[in-house]
Amino acid sequence: MADITTGTFGTGVSTVRWRAGLEKIAIPLGALVVSALLFSVFLLALGKNPLTFYALIWQGGFSSFFSIQNTLQRAAPLILTGLAFAVPATIGLTMIGAEGALVLGGFAAAAIAVPLVVAEAPVVLTMLIMVVFAMSAGAMLTMIAGWLRHARGVNETISSLLLTYIAVATMNFFVEGILRDPNSANKPSTVPIGDAYKVGAIPGTDVHWGLAAGLVLAVLLYFLMFRTTFGFAARVTGGNPRAALAQGLPVGKLILACAAISGACAGLAGYYEVAAIHGQANASLVAGYGFTGILVAFLARQNPLAIVPVAILFGALDASGGLIQRRMDLPDATIQVLQGLIFVVLLTSETLTGRIRFFQPGIGK
């Protein structure tokens, strides 16, 4: 009898695992390469040099300490919003409402800070309360979509998207109304929290602590989703909800828990946008980080650890946008076009999963 552990059948258990892991890396990388080639054709049609374009991406994203810091600054919210999509995806939910959770979380943090700053509350206590309110607001928003999915069978993609619009409208209602700073004539905003209550930078850099928070959460959520019984139960539910119910797994609680984690991650991103970047809540919170985070999570195959390097890559794309606009005389939306192309190619490439013979040893022999 052949011993499959030694590869007598042409493949051992370790070989199968190695090739399966390689497939998870090769297909997304291949999608990136194909996207770059297709976008090069697009640039040539516009009379632009693709080599110059990609050289400027490197220059704007990684060529100096300043550009690296700029990249990491922009990657911080992408890590958190990428995690916000990846966690519910593990349980089979396609939630695209991280943008709304980010906006609502940022607004909640800025709103609760106003009375605390006026009362001159301790800085550490104020920051802690802002974090709690931001994460709670984001979690409650996404839990609504999770509850609708489990209790009423409402498609979570549609409900989370609609909730995003509700979150933005809610912020605008208060920012342009009772919470508006009288001094914000051109751009309605809440009262600034003040420099004393803003999050500082990581020592030796200009990058705020949101990056560190994202890195820590990526590691913690990786162990939660792939090294604990909770994560195993979530993955079983994502693979087959009916089988999970038959095995007695608390599917409803798992869905709500994953939705809450998702919203909390996005809400934390909103907190850092307020406490580290803007200093107040306004329309600048609607920057598209939540939607770009979807692409980040897809490219990372919903792996929390892989989200970090992918987010840095997209942070570099964002950081180089202005340089490309100036040097190549291209519209500011050029980077968004490239990101959209990557998303389309990546979705198409998913059809190759499990169909390439090299990554499926023994199949077809």
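Computed from the coordinates by the stated procedures, all read-outs in this text should not be read as laboratory data. The structure displayed is predicted, hence computed values, not measured ones. Reconstructed Cβ throughout: ideal geometry from the backbone, glycine too, with neighbour counts over all protein chains shown.
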>> If packing is taken as the average count of other Cβ atoms within 10 Å, what order do 71-80, 216-225 fall into, highest mean first?
In response: 71-80, 216-225
> Can you list the HN-Hα couplings for the range 236-253, worked out from phi with the Karplus curve (6.51, -1.76, 1.60; θ = phi - 60°), rounded to whole Hz and with x for Gly and Pro?
Replying inline: 5, 4, x, x, 7, x, 5, 5, 5, 5, 5, 8, x, 6, x, 4, x, 5
> Placing +1 at every Lys and Arg Cβ and -1 at every Asp and Glu Cβ, with all other atoms neutral, what dipole size does the chain have around its Cα centre, in debye to the nearest 20?
Replying inline: 1120
> Hey, what D do you get for the range 119-204 in µm²/s if you plug the Kirkwood alpha-carbon radius into Stokes-Einstein at 20 °C and 1.002 mPa s?
Replying inline: 137
> Using the Kirkwood formula over every pair of different C-alpha atoms, what hydrodynamic radius in Å results for the range 191-254?
Replying inline: 14.8
> DSSP loop trypsin sites (Lys or Arg not before Pro) in the range 120-185 with at most 16 other Cβ atoms within 10 Å of their Cβ, which ones?
Replying inline: 180
> Which entry in (1) 5, 20, 26, 24, 17, 7, 2, 1, 0; (2) 5, 23, 33, 25, 11, 3, 1, 0; (3) 5, 22, 29, 25, 13, 4, 1, 0, 0 is this structure's computed P(r) over Cα pairs in 10 Å bins from 0, in percent?
Replying inline: (3)
> When only DSSP loop residues count, what GluC sites (Glu not before Pro) in the range 106-193 have their Cβ near at most 13 other Cβ atoms within 10 Å?
Replying inline: 120
> How big, on average over all directions, is the shadow cast by the Cα convex hull of the range 162-214, in nm²?
Replying inline: 5.7
> How do 282-288, 32-38, 227-233 rank on mean C-beta neighbours within 10 Å, highest first?
Replying inline: 282-288, 32-38, 227-233
>> Going by average Cβ density within 10 Å per residue, which order do the peptides 244-256, 45-57 take, highest to lowest?
In response: 244-256, 45-57
> Is the shape of the range 243-365 rounded, prolate or oblate, going by the alpha carbon gyration tensor and its root eigenvalues a ≥ b ≥ c, with a/c under 1.5 for rounded and a/b larger than b/c for prolate?
Replying inline: oblate
> Taking θ as phi - 60°, what are the ³J(HN,Hα) couplings along the range 149-160 by the Karplus curve (6.51, -1.76, 1.60), each to the nearest whole Hz, with x for Gly and Pro?
Replying inline: 5, 6, 7, 10, x, 6, 4, 5, 5, 5, 5, 5
> Relative contact order for the chain using alpha-carbon pairs under 8 Å, separation at least 6, rounded to a whole percent?
Replying inline: 35
> Taking only DSSP H segments of four or more residues, each worth -39500 (n - 2.57), what value at 222 nm results for the chain once the sum is divided by all its residues, to the nearest 500 deg cm²/dmol?
Replying inline: -23000 deg cm²/dmol
